[in-house]
Structures are given as C-alpha cells and as structure tokens.
1. Once you order the gyration tensor axes a ≥ b ≥ c over the Cα atoms, which shape class does segment 3-60 get: rounded for a/c under 1.5, otherwise prolate or oblate by comparing a/b with b/c?
2. Could you give each residue of segment 2-10 its phi-based ³J(HN,Hα) in whole Hz, using Karplus coefficients 6.51, -1.76, 1.60 with θ = phi - 60°, and x for Gly or Pro?
3. What pairs in Lys148/Lys221; Lys158/Lys221; Lys208/Lys232; Lys147/Lys227; Lys148/Lys227; Lys104/Lys147 have C-alpha atoms more than 24 Å from each other?
4. How would you rank Tyr218, Tyr37, going from fewest to most other Cβ atoms within 10 Å of each one's own Cβ?
5. For segment 129-232, calculate the relative contact order in percent as a whole number, restricting contacts to Cα pairs under 8 Å that are 6 or more residues apart.
6. What order do you get for Cys200, Cys183 when you list them from fewest to most C-beta neighbours inside 10 Å?
7. Describe numerically, in nm with one decimal, the distance between label points set 7 Å from Cα along Cα→Cβ at Asp24 and at Gln95.
Amino acid sequence: MRRSDRLSEVIEIVQDGRLHRARDIAEQLEVSIRTIYRDFDTLVASGIPIDGERGVGYMLREPVFLPPMNLSITELEALHLGMAIVAQVADPELQGAAASLTQKIDKVATARGTVPKRWGFGVYPFAQAKIGFRHMPMIRNAIRCQKKLKIDYLSLDKQTSSRTVWPLQTEYWGRVWTLSSWCEKRDDFRVFRIDCITTCELAGGYFKNEPGRRLEDYLEKVNAEMKANDEKK
C-alpha cells in the first residue's frame, strides 16, 4: 500500500469520533506501530485536526476536513484566484483564513510538482467592495446569531434613512456586496448595498424565523418575481 493511500485509510478509521489505539490501526493496516505513529505525526503537521498521543490513542477532533482529491491546473488556478480576492477585500477573519488556505494549497501542490513554485494572479482593486467590509464582521455574526441590526443607509440617489433590519443573507455581485433582510420600517424584504451602509450596530434583541419573514420566504418571493418577469417577455 502506498503511503498516501495508507494516510487516507488512517483518516477514514479515526473520523468516527472515537478513540483508536495505534496498535489496533497497525494490525488493521498490517504495518508496524512505529509506522502508524509517523503517519499521525504527518497528518497533524499537515493540519488535520487529530488529537491524541502515543500509548493512549487518536481521534479526529473536528468533522470538517477535505478528503484527498485530484484537482486540475485550471481548478487550482480558480481556487487560488478566489482566495486572492477574499484576502484582499474580506474582513480580517476571512483574510486570515484565505491566507492560511492558500499556503496549505501551495505547499501540497508545489511539493507534488503539480504547479510551479511561483504562481498566482494579479487581482484588480475592489475599492468599492472594500468600503462595506468594515461592517462585515458584525453582519456575519448577526446573521449567524439572528441578531437585529440598526443601520444608517445612503441610497444611490443620496437619500438617507435609518432602519432596523433582520439580516438574512449577504450576496456578492462581482464588485458589490448586498445584504438581504427583513426591514421593520417597510414591513417587507429589502436589499441594501453594504458599501452604502454608513453605520451599522446591534439594535438589541433577536429575531425569530417567523413565516413570511424568513430567508426561504425571501428566496421564494425573488423566484416568483423572476418567473413573472420572464412570462412578460
């Protein structure tokens, strides 16, 4: 068995969340315990979230990981370009994640001779999109925790307004991010360009998944409007 295949087998064994002894894994794969110890050292060094120690056992700490896969040069380029864009325009948390992911991809790809050691893309400046990213950490947290937001908004025709919204989803349109939400002022769904939000803060309180005000209700409404427009053409 090739070492890469054995490493994949080791991951499959420990991904059930239970504690596994190196001795048992070695017997199952018909290799020495010393070999299994080295395999776990390699997996941990490569970033796989495995906890454990020699003589005790090993287990996968987190269920989120990518199994081995084959990517074409074009797919690698697309992934690298996406990470370059995120690293330039996203909030600090996503910037750090993009940089870390890019390093992991580059390390594996160049080590296997898949791509040259120097590669990448020049990314056009996303100045307009970057304006709104000062609000993204708060918006993302509010969507996750279902917290209401109070925003001051400057529309494209320079009209200002203050709103209390239920943030449902963010969307990226190439150069501009938008926030789809339920607006308490209009008692209806509204979409706001995030770069046009001048201030954004927690309004206090949480919102519930009330029928007619949920993300799925908004998406259903959008699809219905698109279908109606298509029928008019």
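Coordinate-derived values only; no laboratory data. From a predicted model like this one, the values you see are computed outputs, not experimental measurements. Positions of Cβ are backbone-derived with ideal geometry, glycine not excepted, and every protein chain shown enters the neighbour counts.
1. Rounded is the answer for segment 3-60, as its axis ratio a/c remains below 1.5.
2. 5, 4, 4, 5, 5, 4, 5, 5, 4
3. Checking Cα-Cα distances, Lys158/Lys221; Lys208/Lys232; Lys147/Lys227; Lys148/Lys227; Lys104/Lys147 exceed 24 Å.
4. Tyr37, Tyr218
5. The value is 28 percent.
6. Cys183, Cys200
7. Label-label distance for Asp24 and Gln95, simple model: 4.6 nm.
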